[in-house]
Amino acid sequence: MNEKAPENFQARFETSQGDFEIEFTRNLSPKAVDRVYQQISHNFYNGIVFYRVVPNFVAQFGHMDSTATVNNWDRYKVEDEPVKGSNLKGAISYARSGQNSRGNHLFINLKDNKRLDTVFYNKVKGFPPLGKVTKGMEVVEKLYSGYGNETMEVYDSLAVKRKEFLKKFPKLDSIKKVYILK
């Protein structure tokens, strides 16, 4: 949990729709970029689904396996940091539910969402971007979005019941593998 990320690094996301790449920039949100670097280095996002894809808004993913999160990653939340970048199309940010709650769930902006830079959500201002999609944005835009926000209500109630969740939403796209490019 103390490993620092390089100032800039790229990661490839191999998905059920194809591959895309994200360049992460540490000075945008140092603690959050360190966290995502650690998670990618430990295969945290391999084999998970894009559980929320809202057309013309965001594509969101994160871990719903409580043994992978509660026992390990959830104990260490990322402290809040100021918004230094902007949630433009292709930018990636951690989702959060309040103060110092960033940790396991990321979203990619499907359009310019500048309001996410300044919106107050549970006493916290904005969602600091960590980087941006540099290759394959067309892949991100192809992720299955037919469920929209419907998945969020069910996700909250079934959070650790992955099989039930996937049975209810069988068309969700997935991340096969994520790795850092050398």
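The values are calculated or read from the model by the stated rules, or taken from the named source; none is laboratory data. Bear in mind the structure is a predicted one, so any value in this text is a computation, not a measurement. With ideal geometry, Cβ positions are generated from the backbone for all residues, glycine too; neighbour counts draw on all protein chains shown.
Looking at region 26-43, which of the residues that are touching a strand residue (DSSP E or B) at 6+ places or on another chain (Cβ under 8 Å) and closer than 17 Å to Glu14 by Cβ is surrounded by the fewest Cβ atoms within 10 Å (Cβ to Cβ)?
Out of the qualifying residues, it is Asn43.
Examine region 120-132 for a residue that is of a type in the set (Gly, Ala, Ser), under 27 Å from Lys171 (Cα atoms) and either surrounded by 15 or more Cβ atoms within 10 Å (Cβ to Cβ) or at pLDDT 95 or above (or both), and state whether such a residue exists.
no
Of everything in region 119-136, what is in a strand (DSSP E or B) and aromatic (Phe, Trp, Tyr)? Give them in sequence order.
Phe120, Tyr121
So, of the residues in region 101-118 that are modelled with pLDDT under 95 and part of a loop (DSSP other than H, G, I, E, B), which turns out to be farthest from Pro6 (Cα to Cα)?
By that ranking, first place goes to Ser101.
When you scan region 65-73, do you find a residue that is acidic (Asp, Glu), within 17 Å of Lys176 (Cα to Cα) and touching a residue at least 24 places away in the same chain (Cβ under 8 Å), even just one?
Within region 65-73, one or more residues are acidic (Asp, Glu), within 17 Å of Lys176 (Cα to Cα) and touching a residue at least 24 places away in the same chain (Cβ under 8 Å).
Quick check on region 109-147: of everything there that is touching a residue at least 60 places away in the same chain (Cβ under 8 Å) and of a type in the set (Val, Ile, Thr), which residue is farthest from Asn27 (Cα to Cα)?
Val139
Check off (1) assigned to a helix (DSSP H, G or I); (2) in contact with a helix residue (DSSP H, G or I) (Cβ under 6 Å, 6 or more places away or on another chain); (3) not β-branched (Val, Ile, Thr) for Phe24 and give me the number that stays unchecked.
Going through (1) assigned to a helix (DSSP H, G or I); (2) in contact with a helix residue (DSSP H, G or I) (Cβ under 6 Å, 6 or more places away or on another chain); (3) not β-branched (Val, Ile, Thr) one by one, Phe24 breaks only (1).
Residues in region 115-137: is at least one hydrophobic (A, V, I, L, M, F, W, C), more than 14 Å from the chain's Cα centre (by Cα) and under 18 Å from Phe20 (Cα atoms)?
Yes - at least one qualifying residue is present in region 115-137.
Kindly list the number of the only condition in (1) modelled with pLDDT under 90; (2) buried (at least 16 other Cβ atoms within 10 Å of the Cβ); (3) touching a Ser or Thr at 6+ places or on another chain (Cβ under 6 Å); (4) not charged (D, E, K, R) that fails for Val160.
Evaluating Val160 over (1) modelled with pLDDT under 90; (2) buried (at least 16 other Cβ atoms within 10 Å of the Cβ); (3) touching a Ser or Thr at 6+ places or on another chain (Cβ under 6 Å); (4) not charged (D, E, K, R) leaves (2) as the failure.
Return the pairs, sorted by first residue and then second, in which the second residue is crowded, with 17+ Cβ neighbours inside 10 Å and assigned to a strand (DSSP E or B), the first residue lies in region 5-25 and is free of Cβ contacts under 8 Å to residues at least 40 places away in the same chain and of a type in the set (S, T, N, Q), the beta carbons are less than 6 Å apart, and the residues are 6+ apart or on different chains.
Short answer, once both residue conditions are applied: Asn8/Thr25.
Any residue that is within 21 Å of Asn100 (Cβ to Cβ) and of a type in the set (Ser, Thr, Tyr) - is there at least one of those in region 17-35?
Looking for residues that are within 21 Å of Asn100 (Cβ to Cβ) and of a type in the set (Ser, Thr, Tyr), one finds at least one in region 17-35, hence yes.
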